[in-house]
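Asker: Before I ask anything, here is the structure I am working with.
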Amino acid sequence: MNKILWRVCALFLLGLIGTAQAQSIVIDKAVARATVGKMPNGAAFLQIENKGADDALLSGSSPASSRIEIHTMSMEGDVMKMRALDQLELKSGQRIEMKPGSGIHIMLMGLKKPLAVGDKFPLTLNFRKAGKIETTVEVVEMKMPMKKGEMHEHHGHHQHHKE
Ligand SMILES: [Cu+2]
């Protein structure tokens with residue numbers, strides 16, 4: 001076999017391995033919120049679809065930050081609280097769509113540098129069954145979910161009295 005043909009074969013094989021790994025868990029639309037000033041942490045949102053058996057997202061890593069945490073967000077009274085999850089269960093056939101303000105997100109703890117619109121960085125997610133899957137996160141402009149809370153604090157009382 002000549003060298004070029006061999007190389008094509010090797011690429012084909014690598015491609016097959018890649019496809020096999022990515023088959024059960026599909027990660028899509030990974031975006032991160034652009035940071036302002038020297039914000040220490042960032043947040044990323046993505047879609048995960050589990051096309052295989054029951055699985056779970058256990059951890060993650062990225063060169064963009066010193067640590068990755070899986071966070072969930074909930075309102076406790078008037079205060080938005082973030083909590084780190086040990087793992088995120090992914091039942092067979094389940095699709096999780098992380099959206100800003102909706103709860104679950106990937107927290108980038110200890111950013112190495114600010115996230116600017118248009119930046120791209122790799123994020124590796126570690127699943128119990130599917131193993132490690134790498135995706136590319138794109139930094140986009142996003143409204144802060146805190147806006148809602150702020151508005152509630154500043155203007156909320158008027159609205160409550162009117163109701
Ligand atoms: Cu968070």
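Asker: Provide a single number: the residues in the stretch 81-138 that are in contact with a His (Cβ under 8 Å, 6 or more places away or on another chain) and in contact (Cβ under 8 Å) with a residue 24 or more places away in the chain.
Answerer: Going residue by residue through the stretch 81-138, those that are in contact with a His (Cβ under 8 Å, 6 or more places away or on another chain) are 82-85, 98, 104-107.
Pick out the ones that are also in contact (Cβ under 8 Å) with a residue 24 or more places away in the chain and you get 82, 98, 104-107.
The qualifying residues number 6.
Asker: Starting from residues that are of a type in the set (Ser, Thr, Tyr) and closer than 15 Å to Lys113 by Cα, keep the ones in the stretch 40-78 and report whichever is surrounded by the most Cβ atoms within 10 Å (Cβ to Cβ).
Answerer: Top of the filtered list is Ser65.
Asker: May I pose another question? Consider the stretch 135-163. How many of its residues are surrounded by 14 or more Cβ atoms within 10 Å (Cβ to Cβ) and modelled with pLDDT of 95 or more?
Answerer: Of the residues in the stretch 135-163, 5 are surrounded by 14 or more Cβ atoms within 10 Å (Cβ to Cβ) and modelled with pLDDT of 95 or more.
Asker: Return a yes/no flag: does the stretch 108-120 have any residue that is out of contact with any Phe, Trp or Tyr (no Cβ under 7 Å at 6 or more places or on another chain) and farther than 19 Å from Asn41 by Cα.
Answerer: So far as the stretch 108-120 goes, no, none of its residues is out of contact with any Phe, Trp or Tyr (no Cβ under 7 Å at 6 or more places or on another chain) and farther than 19 Å from Asn41 by Cα.
Asker: Restricting the search to the stretch 83-98, which residues are within 16 Å of the ligand (Cβ to nearest atom), at pLDDT 95 or above and in a strand (DSSP E or B)?
Answerer: Passing the criteria: Ala84, Leu85, Leu88, Ile96.
Asker: When you look at Asp78, is it of a type outside the set (Gly, Ala, Ser) and out of contact with any Ser or Thr (no Cβ under 6 Å at 6 or more places or on another chain), yes or no? Spell out how you get there, then give the answer.
Answerer: Working: of a type outside the set (Gly, Ala, Ser): yes; out of contact with any Ser or Thr (no Cβ under 6 Å at 6 or more places or on another chain): yes.
Against the criterion (of a type outside the set (Gly, Ala, Ser) and out of contact with any Ser or Thr (no Cβ under 6 Å at 6 or more places or on another chain)), Asp78 qualifies.
Asker: Kindly evaluate Met80 against the criterion of being outside any strand (DSSP E or B), within 15 Å of the ligand (Cβ to nearest atom) and touching a strand residue (DSSP E or B) at 6+ places or on another chain (Cβ under 9 Å). Give the derivation first.
Answerer: Working: outside any strand (DSSP E or B): no; within 15 Å of the ligand (Cβ to nearest atom): yes; touching a strand residue (DSSP E or B) at 6+ places or on another chain (Cβ under 9 Å): yes.
So Met80 does not fit the description; no.
The values are calculated or read from the model by the stated rules, or taken from the named source; none is laboratory data. None of the values given here were measured: they were computed from a predicted structure. When we count neighbours, we look across all protein chains shown, and the Cβ atoms used for this are built from the backbone with ideal geometry, even at glycine.
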